[in-house]
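See structure below.
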Amino acid sequence: MGSLFGALGTALSSLIANEGAMQVTANNIANANTPGYSRQQVNLTENAPLVIGSLVLGSGVSLDSVQSVRDQVLELQIQQQLQDQGHLNAFAGGMNQVQALFNETQGTGLQSVLSKFFASLQSLSTDPTNLTLRQGVLDAGQNLADEFNSEASGLQQAQRGLDQAVPQTVGQINQLTSQIAAVNAQIAPLQPAAQTASALVDQRNQLIQQLSNLVGVSVINANDGTVTLTTTGGTALVVGQQSFALQSQVDPSSGLQHVLAQGTDITSTLTGGELGGTLQARDQAIPAAQAQLDNLAASLGNAVNAQSAAGFDLSGKPGGNFFVPFVQPSPGSNAGAAAQFAVAITDPSQVAASSDGTAGSNGNALALAALQNKPLVDGQTVTGYYASMVGSIGSQAANALSQQQAEQLVVQQLQNQRASVSGVSLDEEAANLVQFQNAYAAAARVFSVVDQLTQTAISLGAS
């Protein structure tokens, strides 16, 4: 009788274990296409044997645990690469906007109007008393001023557009950190039975990946199953079950949105993710282009005005400023020169083409035209300096695009590796399902046979 009841216990434990295994397999199949899902596997353990005299009898099987298949190192690599990808996506987008402002291939950019301005002075030198040619110089100067103003305005608009993205991104970051803290709160009580938290860990990993795409983060695993998240600069975002919201606030000195954490400005420490790429384009790339454009405008305006003052206009009066003089806002700063660039005269007779005060002299017109080939800006000609500036912007945009494409391939490769480790193979799960089903059916058959034998034994005993 004892051995029959022991056999019943063995069959029952097999039924329970294989039923659980089939449930896990069914869950894997159901989530085969769920983003971020980590395949689960069952760990079956042989029960402690029964020792009866000299006999050692097996006592069946138990479903010891259900474990999600994850590669933590691979998960961290994906999070890091998503930070880089988000950064490059945002930075490349910003640089594409800047590059579009300096589209010299269509012949409508500053390079073209610079050449036309000096060409108009060269034409005037052939007939310095011709009012039509003099008006052509004024028109070319006005076109040059308009282009300086347009490019300065375009850079400012691009910067403001990127600036508007900052509070939006900060809001998304706060939403994700709040959700991660809430999932931490659900995971912590389940840590003693860690296998039951698998779905929550998958959910948290997905949220951390979304957060990594927005801002550079560092992940620290705690003993209670929760995670601590900080920015790469060390600012706390999530600690256990508590999240710390970031704030966006306009900086009075620049008029741009800055990011604060508990009242401390952390804008300069934020790297990685879309926010880092946006800030790099807004605070570094665009201001650099603005500074170069302003230096060009100030240097050109000063040189033309100085040469104009050395000549005489059509009436024999000393030449005055051709462009409105630029006043530096602070020593050594040309900020705003391109936006303020403007022609100072409207009367074509005031163009200082003469070098000796006579109406027919063209010496100063030639000297003004010759400025095109003189090193006026940082040891370069105005056209050479501008070409170098445009080339630098184009190089940054091209490099960002190239790195962006390369990063996409790296992320895809890592995600493929994760799929091979943690993803669900329907063929494998189908085979497991058949295996566990057969084992369950066999255990059920054993249970039925033992039950019949037990009934028979009871009947014999009763008779």
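The values are calculated or read from the model by the stated rules, or taken from the named source; none is laboratory data. If you're wondering where the values come from, they're calculated on a predicted model, not measured in any experiment. Cβ coordinates were reconstructed from backbone atoms using ideal geometry, including for glycine residues, and neighbour counts include every protein chain displayed.
The residues in region 410-437 that are under 21 Å from ALA21 (Cβ atoms) and assigned to a helix (DSSP H, G or I) can be counted, and the count is 14. If the condition is being in contact (Cβ under 8 Å) with a residue 40 or more places away in the chain, crowded, with 17+ Cβ neighbours inside 10 Å and in contact with a strand residue (DSSP E or B) (Cβ under 7 Å, 6 or more places away or on another chain), then region 40-82 contributes GLN40, VAL61, SER62, LEU63, VAL66, SER68, GLN79. Annotation: SER59 fulfils all but one of (1) more than 23 Å from ARG445 (Cβ to Cβ); (2) of a type in the set (Gly, Ala, Ser); (3) in the same structural domain as ASN432 (by TED's automatic domain parsing); the unmet one is (1).
Figure legend. Inter-residue proximity from region 221-247: first residues on the phi > 0 side of the Ramachandran plot, second residues part of a loop (DSSP other than H, G, I, E, B), beta-carbon distance below 8 Å, spacing 6+ or different chains. Indicated pairs: GLY240/ALA222; GLY240/ASP224; GLY240/THR226.
Of the residues screened, ALA431 is not one that is closer than 21 Å to GLY9 by Cβ, in the same structural domain as SER13 (by TED's automatic domain parsing) and among the small types (Gly, Ala, Ser). Can you work out which of the residues in region 231-267 that are of a type in the set (Ser, Thr, Tyr) and in contact with a helix residue (DSSP H, G or I) (Cβ under 8 Å, 6 or more places away or on another chain) is nearest to VAL201 (Cα to Cα)? The residue in question is SER243.
State whether the residues of region 394-409 include one that is part of a helix (DSSP H, G or I), surrounded by 14 or more Cβ atoms within 10 Å (Cβ to Cβ), in the same structural domain as LEU293 (by TED's automatic domain parsing) and in contact with a Phe, Trp or Tyr (Cβ under 6 Å, 6 or more places away or on another chain). Full working, then the answer.
Our first condition is that a residue be part of a helix (DSSP H, G or I); within region 394-409, this holds for 394-409.
This time we only want the ones that are surrounded by 14 or more Cβ atoms within 10 Å (Cβ to Cβ), so: 394, 396-397, 399-401, 403-404, 407-408.
If we keep only those that are in the same structural domain as LEU293 (by TED's automatic domain parsing) too, we end up with 394, 396-397, 399-401, 403-404, 407-408.
Now drop any that are not in contact with a Phe, Trp or Tyr (Cβ under 6 Å, 6 or more places away or on another chain), which leaves 400.
Within region 394-409, one or more residues are part of a helix (DSSP H, G or I), surrounded by 14 or more Cβ atoms within 10 Å (Cβ to Cβ), in the same structural domain as LEU293 (by TED's automatic domain parsing) and in contact with a Phe, Trp or Tyr (Cβ under 6 Å, 6 or more places away or on another chain).
On inspection, VAL24 does not qualify as exposed (fewer than 15 other Cβ atoms within 10 Å of the Cβ), modelled with pLDDT of 85 or more and either more than 33 Å from the chain's Cα centre (by Cα) or closer than 30 Å to ILE208 by Cβ (or both). The set of residues in region 69-101 that are in contact with an Asp or Glu (Cβ under 7 Å, 6 or more places away or on another chain) and over 24 Å from VAL215 (Cβ atoms) contains only LEU101.
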